[in-house]
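Q: Have a look at this one.
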């Protein structure tokens, strides 16, 4: 659900409906507090303190979205933008993102709308991998899928998200988008920790990225 929320907020311009769904109806106030990850604790704090005035919040979010993510935005959400900074594109373990999608036979509704390395698309693929994992029965397949999930997070998310999130903290004008940047980083870190330790925990990742 957290990936669904975060992916929606960077893939689509916020609407009044998303304020109702995520803030007024309690999703933000009821963020899980079990994580010991300080990044997640920070994200929860930022988001709970955001959007105090829901009547004007969506306008502020819309304007911030346009500043951050529109053409020539201040915090672009494409992995390729950050090549040569914090990511490992030069590492021989790196694999082109579109090749990974093809290797799994995965397709998505944004193919002709945005680039394959858009963060929203990458998060959608991650939720798909996790859902696929939950349906595997044998230990060998589950172990292999855990490795694939960890590698994807390492080379296509955590390789550049820390740099992107620092930019979000610097240039976002709303606490909402500062919190969303921190949340995406935190959830990626927590998922990596869970899957790298061989957890058999089940996940629910239903839903399309929309608001």
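Computed from the coordinates by the stated procedures, all read-outs in this text should not be read as laboratory data. Small disclaimer: the values here were computed from a predicted structure and weren't measured. Note that each Cβ is placed from the backbone with ideal geometry, even for glycine, and that neighbours are counted across all protein chains shown.
Q: Assuming R0 = 35 Å, what is the FRET efficiency of residue 13 and residue 148, from their Cβ-Cβ distance, to the nearest 0.05?
A: Once rounded, the FRET efficiency stands at 0.60.
Q: Using R₀ = 45 Å, calculate the FRET efficiency as 1/(1 + (r/R₀)^6) where r is the Cβ-Cβ separation of residue 113 and residue 36; round to 0.05.
A: Efficiency computed from Cβ-Cβ geometry: 0.75.
Q: So if each residue of separation counts as 0.36 nm, and I subtract the Cα-Cα distance between residue 49 and residue 169, what length gain in nm does that give?
A: 41.7 nm
Q: Follow-up question, since we're still on this one. In what order do 176, 51 fall by count of nearby beta-carbon atoms within 10 Å, going from fewest to most?
A: Result, fewest neighbours first: 51, 176.
Q: Could you give the length gained on full extension between residue 134 and residue 74, defined as 0.36 nm per residue of separation minus the Cα-Cα distance, in nm?
A: Here the answer is 17.9 nm.
Q: Also, quick follow-up: Note down the nm distance, to one decimal, between modelled labels 7 Å out along Cα→Cβ at residue 67 and at residue 24.
A: Those two pseudo-labels are separated by 2.5 nm.
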